[in-house]
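Okay, structure first, notes after.
Nothing in this text is a laboratory measurement; each read-out follows from the coordinates by a stated rule. In this text, all values refer to a predicted model and were calculated from it rather than measured experimentally. Glycine gets a Cβ as well: all are built from the backbone with ideal geometry, and neighbour counts include every protein chain shown.
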There are 2 protein chains.
Amino acid sequence: MTLKMYDLAAADPAIRFSPNCWRVRMALAHKGLDVETIAWRFTDKEVISFSQQGKTPVLVDGDRWIADSWSIAEYLDEARPDTPKLFECAQSKAHAWFVKNWIETAVNPGVAKQIIVPLFAMLDEKDKSYFRETREKAFGMTLEAFGADAADALATLRKTLQPLRVTLSTQPFLGGQAPSFADYVAFGAFQWARTSAPHDILEEGDVVAAWRATLLEMYDGLAGNMPARVA
Amino acid sequence: MTLKMYDLAAADPAIRFSPNCWRVRMALAHKGLDVETIAWRFTDKEVISFSQQGKTPVLVDGDRWIADSWSIAEYLDEARPDTPKLFECAQSKAHAWFVKNWIETAVNPGVAKQIIVPLFAMLDEKDKSYFRETREKAFGMTLEAFGADAADALATLRKTLQPLRVTLSTQPFLGGQAPSFADYVAFGAFQWARTSAPHDILEEGDVVAAWRATLLEMYDGLAGNMPARVA
């Protein structure tokens, strides 16, 4: 039975921008697993109420469902043991957990500053008040105020990426010679930016951009086929 | 034959403060390997000239020598295959390489600001002019100017540690249920601070401090037996 995945979408249902959903799309491709994605909006809470929570990604595997990108990755390694592993050993998974926490605490906030206002404009009308209210409560300020120092934040973000840059200057992927789930977690942040920001968050010639280009091309261009907001 | 290691020392030869040497001391203990450490000073270049470079740690294993903490860790896993692994699989090592690059680019510079002036005072007289000249050239300013904003840098450093903090709030070590070489690389930064800074770089109650305390106690208190500069 084909896997199904609820995947966060913009007003245009073909535009999928969620960093956490992209982690899973790439993980499924890594394993050679087909998936039927279902465009989902922030306010479609009742559609995924079976998962007892209100966020995507949610993966449906027959009569089972799994929410949360990390849990989905763990599930896939267990439930599809004959497919390429996302985590080669327990210690590797533990280290990848640090990479995830680095992305979420050090990188994603800087990316969010770049995309918040243009992303808001891309959303379905029914999502806009929900998005504005929840994010403004979390930020303690308006979306526009949060995004106002995007240029300064971009310079800081590029410096923050230095450990990723150094790593990718000496090995092709975070996972070494082949991508691991850590690569897909990191890639999710860049795909989020790529689909939502009006400018490239990376400078030309950055080794991080070369790694991103490789991931955009992998799996028959799965991620690269998603239109970039940047022309 | 007992392993020997050239280990950077202060004026007091019992005080070993080098973060990179501590990585190796912990790695050797992880493997249950005895080592004879030899106090070495920055200017003792001729003493390790056999290694064709001028920095410690240098490990001597019979008629072989290995310089650089990362290379030593790789060597130990290969040369002592029956001892507990520092890297459980190739992907784990690749992920640990990111942790190392994060420590070196994001954490160590903030630690250096805390310790640079007090560490200078601890050095052997013969090392002082070498240390001042090389560091001032690297920093582009005097040691005292580099350390002048230590208080601001400390606040930034504590924020920078957030991904480590989040990780250690959900698993006991970077390596998961047991320490990996990534733990020892990270620990080296804190032991460097502990032996050299006049204040604790961590706040009481920080989960990172609890992890550090665990590592200080491991291996019969190997690292904890080294006197802290903080009373």
Other copies of B:Ser71: label-to-label distances in nm, shortest first, labels 7 Å along the beta-carbon direction: 4.7
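Take the alpha carbon gyration tensor of chain A, find the square roots of its eigenvalues, order them as a ≥ b ≥ c, and report rounded if a/c is under 1.5; if not, report prolate when a/b exceeds b/c, else oblate.
oblate
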Those lysines that a straight Cα-Cα span of less than 19 Å connects to B:Lys128, excepting residues fewer than 8 apart in one chain: B:Lys45, B:Lys55, B:Lys113, B:Lys137
Whether segment A:3-79 is rounded, prolate or oblate, judged on the alpha carbon gyration tensor where a/c under 1.5 counts as rounded: oblate
Contact order normalised by residue count of chain B, Cα under 8 Å, 6+ apart, percent: 24
Shielding by partners, peptide A:180-191 (average Cβ within 10 angstrom, other chains): 1
Shielding by partners - mean other protein chain Cβ count within 10 Å, residues of A:2-8: 0
For the protein assembly as shown, cysteines whose Cβ has no other cysteine Cβ within reach (under 4.7 Å): A:Cys21, B:Cys21
Beta bridges per DSSP with both ends in the protein assembly as shown, % antiparallel, nearest 5: 60
Segment A:118-231, relative contact order [Cα under 8 Å, separation at least 6], %: 22
Percent antiparallel among DSSP beta bridges (both partners in segment A:3-79, rounded to 5): 55
Placed amide H near A:Gly175: partners under 5 Å, 5+ positions off or other chain: A:Ser180, A:Asp183
Peptides B:30-36, A:94-100 ordered by average Cβ neighbours within 10 Å, highest first: A:94-100, B:30-36
Cβ neighbours within 10 Å from other chains - mean over A:169-175: 3
Stokes-Einstein diffusion coefficient of segment A:90-221, Kirkwood radius over Cα pairs, 25 °C, 0.890 mPa s, in µm²/s: 155
Semi-axis lengths, Å, the protein assembly as shown, gyration tensor of Cα atoms, sqrt of 5 times eigenvalues: 43, 26, 19
Label spacing, shortest first and in nm, from B:Ala213 to its equivalents in the remaining copies (7 angstrom along Cα→Cβ): 5.1
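How large is the helix-only mean residue ellipticity at 222 nm for chain B, computed as the sum of -39500 (n - 2.57) over DSSP H runs with n ≥ 4, divided by its residue count, in deg cm²/dmol to the nearest 500?
One gets -16000 deg cm²/dmol as the mean residue ellipticity at 222 nm.
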